[in-house]
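J.: To start, I am sharing the structure in question, which I have written as structure tokens.
The values are calculated or read from the model by the stated rules, or taken from the named source; none is laboratory data. Here the structure is a predicted model, which is why all the values come from computation and not from measurement. A quick note on method: Cβ atoms are made from the backbone with ideal geometry, for glycine too, and the neighbour counts reach across all protein chains shown. With ligands, DNA and RNA removed, areas are computed over all heavy atoms of the protein, side chains included. Shrake-Rupley method; radii C 1.70, N 1.55, O 1.52, S 1.80 Å.
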Amino acid sequence: MLRYLLLTGEPAPLLWCEAIAQRGDALIAVYALDSVPLSAPSQSHPAIVARHFSRPEDIDVPQDCDAVLIAGSDPRLFAAARQLGLAGLPLLVVTTHSGPTSALFELISLWEEGQTLLVPAFSSGLEQVTEHLALNGPLERIEFVRDVESTDSTRPLLAESTVHRWFFQDVRWLTRLATNGSVSRSGSWENVQAIWTGKRGNELAQGMVTLSGDHVPEANWSIRPTASAPCWTLTLWSGGPPVVLTSSEHAKGLTSDISAALEQFADAVQGKPNRSWNDVLQCGHLLAAVQRSAQRQRKVPVHFEEVSERSQFKTQMSAIGCGVLLWAMFGIILMLAVAGTMDPRDREQRTSQAAGFVLSEADFSADASSLSDSGLSHVQQIADDWSSTTAPVVFDTTAIDSKAIERCQQQVRKILEDKNLAGIDGRLIARPVTGVWFERLIFFGWVVVFGPLAFFLLAQLLIAASHPGRHDAGEATTTT
């Protein structure tokens, strides 16, 4: 048995409350947005007193709460749901009010982070009907017509938001029916054409959507207003005579969908695989294609972009990475051009500096009468590399006088002669070392050129170390 906390942005969702009681679960607390009238959740839960909230801090979660049921479309509702999800509570999200700009999609980042169980609940009235539908062969065509109550009894019109909400619910089971339960992108719809008839502002007289693809049967989805009771008709072609299903034959389709959603959620809480938030993403992509097609009045392809914070972050990081690489490439070219035209050093000095054969002020003692300890180590290193290069040993005369240089030269010559090295006299040169500012400029230039690239690579390592990634709820067990 699960003990639910209900977060609602609408008057008490009676069907869900009744289904919770019928399944043997418990509804232990109800929180409604401050704009929603308070009422008893249902006759099955007369003792539950609903409370208002406007911020996540207003919600006092009972200690024995096992899961949270979210019903509504207000962004504040999903902000509170995110806080509860980050606290580790499993979330069952009713998707009835989904639309192109629904705050429902703000929970995608919570799903990606994988810190809690997040399960969408669809309830079109045909979920279970199509789940257990037996056909004589592969489907060739699908036609579905839904009649819903009009926004005004005097005018047979539907709000465009109503069309979007019903399409979001229906396209999920249409996709599963057309693909035999598969939700892979390679076997889903590829093109969408939406035709709105009698459109006046944000209302229309009838809506029709055609879904097509190379590896799936064509589907025609229609919605229209009615003055009578809402109903639907589903017609399937699979090689033989068409199979026709109506809402009158499946009057309890909606309640069976809700009961099945609660059952699947309970299984997911126990660690069994479940249908993940990928269904929400796919329905959102198809709904976005419907909106584009209605605006452009033509058939449009379906783009399955990863519309999420993670994908946007990856896109931004890819763009930054390309920018950093281009910066480094053009920076190298610029630095090489600067080094070739502004270098004041001659060939002899460059050769000595490249070999490390320049003795500067740091290599001499304080009174410049002899080599310092670091100078002696430097000369030992020069002796070791003597035979590997023809570079001269340069004594920098910019900081010490000529007499001190002579004493140091004698000391260096003695060290090199003790090692039986040849050609010593011709390779000991006293001269001023120029272009110190140029070396600093070049060093600063390399930092500017390669610094952003190094920082970017370090950031990638830190991101990988701090975020192990998401585990899909349908493929891995989520700990709650």
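J.: Across the stretch 66-96, what is the total count of residues that are closer than 19 Å to residue 33 by Cβ and touching a strand residue (DSSP E or B) at 6+ places or on another chain (Cβ under 8 Å)?
T.: Summing the residues that are closer than 19 Å to residue 33 by Cβ and touching a strand residue (DSSP E or B) at 6+ places or on another chain (Cβ under 8 Å) in the stretch 66-96 gives 20.
J.: A further question follows. Can you tell me which residue in the stretch 237-270 is nearest to residue 122 (Cα to Cα), limited to those that are among the hydrophobic types (A, V, I, L, M, F, W, C) and surrounded by fewer than 17 Cβ atoms within 10 Å (Cβ to Cβ)?
T.: 251
J.: If you check residue 285 against the conditions, is it of a type outside the set (Phe, Trp, Tyr), open to solvent by less than 20 Å² (accessible area, probe 1.4 Å) and either assigned to a helix (DSSP H, G or I) or modelled with pLDDT under 85 (or both)?
T.: Criteria met by residue 285.
J.: Just name the residue that is nearest to residue 347 (Cα to Cα) out of those in the stretch 368-405 that are among the acidic types (Asp, Glu) and without any contact (Cβ under 8 Å) to a residue 24 or more places away in the chain.
T.: Going through the qualifying residues, I end up with 384.
J.: Next question, about the same structure. Step by step: first the residues of the stretch 62-80, then only those that are outside any helix (DSSP H, G or I) and open to solvent by 50 Å² or more (accessible area, probe 1.4 Å), then the one that is modelled with the lowest pLDDT. Which residue is that?
T.: 73
J.: Could you figure out which of (1) of a type in the set (Val, Ile, Thr); (2) over 25 Å from residue 278 (Cα atoms); (3) not in a strand (DSSP E or B) isn't true of residue 235?
T.: Going through (1) of a type in the set (Val, Ile, Thr); (2) over 25 Å from residue 278 (Cα atoms); (3) not in a strand (DSSP E or B) one by one, residue 235 breaks only (3).
J.: Another question, if that's okay. Assess whether residue 355 counts as being under 55 Å from the mean Cα position of the chain (by Cα) and closer than 14 Å to residue 427 by Cβ. Explain how you work it out, then say what you get.
T.: Working: under 55 Å from the mean Cα position of the chain (by Cα): yes; closer than 14 Å to residue 427 by Cβ: yes.
Yes.
J.: Taking the stretch 212-236 on its own, how many of its residues are within 19 Å of residue 132 (Cβ to Cβ) and either free of Cβ contacts under 8 Å to residues at least 12 places away in the same chain or surrounded by fewer than 18 Cβ atoms within 10 Å (Cβ to Cβ) (or both)?
T.: So the answer is 2.
J.: I'm checking my understanding of the structure. Among residues of the stretch 425-476 that are modelled with pLDDT of 80 or more and outside any helix (DSSP H, G or I), which one is surrounded by the fewest Cβ atoms within 10 Å (Cβ to Cβ)?
T.: 432
J.: Within the set of pairs 6+ apart or on separate chains, which have a first residue in the stretch 6-32 that is assigned to a loop (DSSP other than H, G, I, E, B), a second that is open to solvent by less than 40 Å² (accessible area, probe 1.4 Å), and C-beta atoms under 6 Å apart?
T.: Listed by first residue and then by second, the contacts come to 9/33; 9/72; 9/77; 10/72; 12/41; 13/71; 25/2.
J.: Count, please, the residues in the stretch 397-422 that happen to be closer than 14 Å to residue 357 by Cα and open to solvent by 20 Å² or more (accessible area, probe 1.4 Å).
T.: So the answer is 2.
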